[in-house]
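A.B. asks: The structure follows.
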Amino acid sequence: IMKIYSAYGINDFIICCGYKGYIIKEYFANYFLHMSDVTFDMRFNQMNVHCGYAEPWRVTLVDTGDKTMTGGRLKRVREHIGNETFCFTYGDGVSNVNIKNLIEFHKQEKTLATLTASQPPGRFGAIHLGEEQTKITSFREKPEGDGAWVNSGFFVLEPEVIDFIADDSTVWEQEPLQKLAQIDQLSAYKHTGFWQPMDTLRDKHYLEELWNSDNPPWKAW
C-alpha cells in the first residue's frame, strides 16, 4: 500500500498502530537489516550494512490503542497531520486507483472529504432460471457485483474532518461520514479499475496468486 502512494510521489506516512503494533515498529527499526546484505564481525562486535536501495520514506508510527475504532485512530494522529490536505486509507486493501487523479478530483470538488467508490466483483457464480424455475438457462462464473458502489477505502481529506470524530469509539464510516454527506461535504471518486480487500483467507490466497503473477494489477512501481 505504501509503495502505491510512493509511486505517485507521496513519501510521508503516518501508520496508526494497534494490536501488535510493536512488530511494525521493529520492522522499520531494523529496516536495513531486512532489506540489505550485512556483515557481522564477531571479533570486534561490529556490523556493516551494505546498503543498496532504500525507500525515500518518512514513517511515523503512532500507538492508537488496541481497541480504538477507525475514527478514533484518525483522531489520535491529529497532531502529526498538520494543516494540509492528506490521504487516508485502510491497511487491508489494494487498488490501481490513480492517486494523482484522485487528489486532483478532490481539489476540484472543494469538499472536506473524498472517498473512492468501487464496484466489487461477485464472489459466486450466478445462474439464471427459466420460467419454470427448475431449469438453468444461463450461468456466469463470478460475475461483477450488483452494480452498487462501495467505499473502497482510498480517501483524500481536509484536516477539519477530524472535528467530526468524537472519541476512540467513533467508527469513521458511520457518524463522521454520514454527517459530512448531510452537509454536502463528501464526494465520491468513481474507480472502475482493480480493487480488492483482504477480508478472508480466500481473499489472501487470491491476492497472493495475483502477486505471484507477471503483472499484479495494483503494482504501480
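A.B. asks: Only Cα pairs within less than 10 Å get springs; with that Gaussian network setup on the chain, which residue of Asp167, Asp41, Asp63 has the largest fluctuation?
C.D. replies: Of Asp167, Asp41, Asp63, the Gaussian network model singles out Asp41 as fluctuating most.
A.B. asks: Still on this structure: In what sequence do Arg58, Arg78 fall when counting other Cβ within 10 Å, fewest first?
C.D. replies: If I rank by nearby Cβ atoms, fewest first, I get Arg58, Arg78.
A.B. asks: Please sort 212-218, 68-74 by packing, taking for each peptide the average over its residues of neighbouring beta carbons within 10 angstrom, highest first. Could you put the intermediate results ahead of the total?
C.D. replies: Working: 212-218: 11.3, 68-74: 21.0.
My ranking of the peptides, most packed first, is 68-74, 212-218.
A.B. asks: Using the crude model of +1 on Lys and Arg Cβ and -1 on Asp and Glu Cβ, and no other charge, please compute the dipole size for region 2-211 relative to its Cα centre, in debye to 20.
C.D. replies: 260 debye
A.B. asks: Select from Asn151, Asn101, Asn45 the residue whose mean-square fluctuation is largest in a Gaussian network model of the chain (Cα-Cα springs shorter than 10 Å).
C.D. replies: Ranking Asn151, Asn101, Asn45 by mean-square fluctuation puts Asn45 first.
A.B. asks: Set the bar at 26 Å for Cα to Cα. Now go through Lys75/Lys107; Lys67/Lys107; Lys20/Lys110 and name every pair that lies beyond it.
C.D. replies: Values: Lys75/Lys107 22 Å; Lys67/Lys107 33 Å; Lys20/Lys110 37 Å.
Over 26 Å apart, Cα to Cα: Lys67/Lys107; Lys20/Lys110.
A.B. asks: Contour minus end-to-end for Asp203 and Asp168, with contour as 0.36 nm per residue of separation and end-to-end as the Cα-Cα distance?
C.D. replies: Contour length minus the Cα-Cα distance gives 9.7 nm.
A.B. asks: Among Phe44, Phe88, Phe32, whose mean-square fluctuation peaks in a Gaussian network model of the chain (Cα, cutoff 10 Å)?
C.D. replies: In the Gaussian network model the winner is Phe44.
A.B. asks: Could you point to the residue in Phe105, Met47, Phe154 farthest towards the positive end of the chain's charge dipole, with +1 and -1 charges on the Cβ of Lys/Arg and Asp/Glu respectively?
C.D. replies: My answer, from the dipole projection, is Met47.
A.B. asks: Can I ask one more? Would you list which aspartates and glutamates come within 15 Å of Lys204, measuring only between C-alpha atoms, while excluding same-chain residues fewer than 8 positions from it?
C.D. replies: Leaving aside aspartates and glutamates fewer than 8 places away in the same chain, those within reach of Lys204 are Asp92.
A.B. asks: Where in region 53-68 does the label zone of Asp37 land, with the point 7 angstrom along Cα→C-beta and an amide N cut-off under 20 Å?
C.D. replies: 53-55
A.B. asks: So, one more: Which order results if Met47, Met198 are arranged by neighbouring Cβ count within 10 Å, fewest first?
C.D. replies: Working: Met47 11, Met198 17.
If I rank by nearby Cβ atoms, fewest first, I get Met47, Met198.
A.B. asks: Pairs of Cα atoms under 8 Å, at least six residues apart: use those to get the relative contact order of region 2-211, whole percent. Mind dumping the intermediate values first?
C.D. replies: Working: 310 pairs, mean separation 51.4, N = 210.
24 percent.
A.B. asks: Does region 1-132 classify as rounded, prolate or oblate by the C-alpha gyration tensor (a ≥ b ≥ c root eigenvalues; a/c under 1.5 gives rounded; else a/b over b/c gives prolate, otherwise oblate)?
C.D. replies: prolate
A.B. asks: Follow-up. Measure out, as a whole number of angstrom, how far apart the alpha-carbon centroids of region 1-46 and region 62-76 sit.
C.D. replies: Value for the Cα centre distance between the two parts: 22 Å.
A.B. asks: Further question: What are the membrane-span-like helices in the chain by this rule: whole DSSP H runs, Cα extent along the axis at least 20 Å, mean Kyte-Doolittle hydropathy at least -1.0?
C.D. replies: none
A.B. asks: For Rg/Rh (Cα atoms, Kirkwood Rh), the choices are (1) 0.98; (2) 1.01; (3) 1.05; which was calculated from the structure?
C.D. replies: So the structure-derived entry is (3).
A.B. asks: So what is the calculated 222 nm ellipticity per residue for the chain, using -39500 (n - 2.57) for each DSSP H run with n of 4 or more, over all residues, to the nearest 500 deg cm²/dmol?
C.D. replies: Numbers: 8 runs with 60 residues, N = 221.
Here the helix-only value at 222 nm equals -7000 deg cm²/dmol.
Throughout, read-outs are computed from the coordinates displayed, never taken from laboratory work. Since this is a predicted model, take the numbers as computed values, not measurements. A quick note on method: Cβ atoms are made from the backbone with ideal geometry, for glycine too, and the neighbour counts reach across all protein chains shown.
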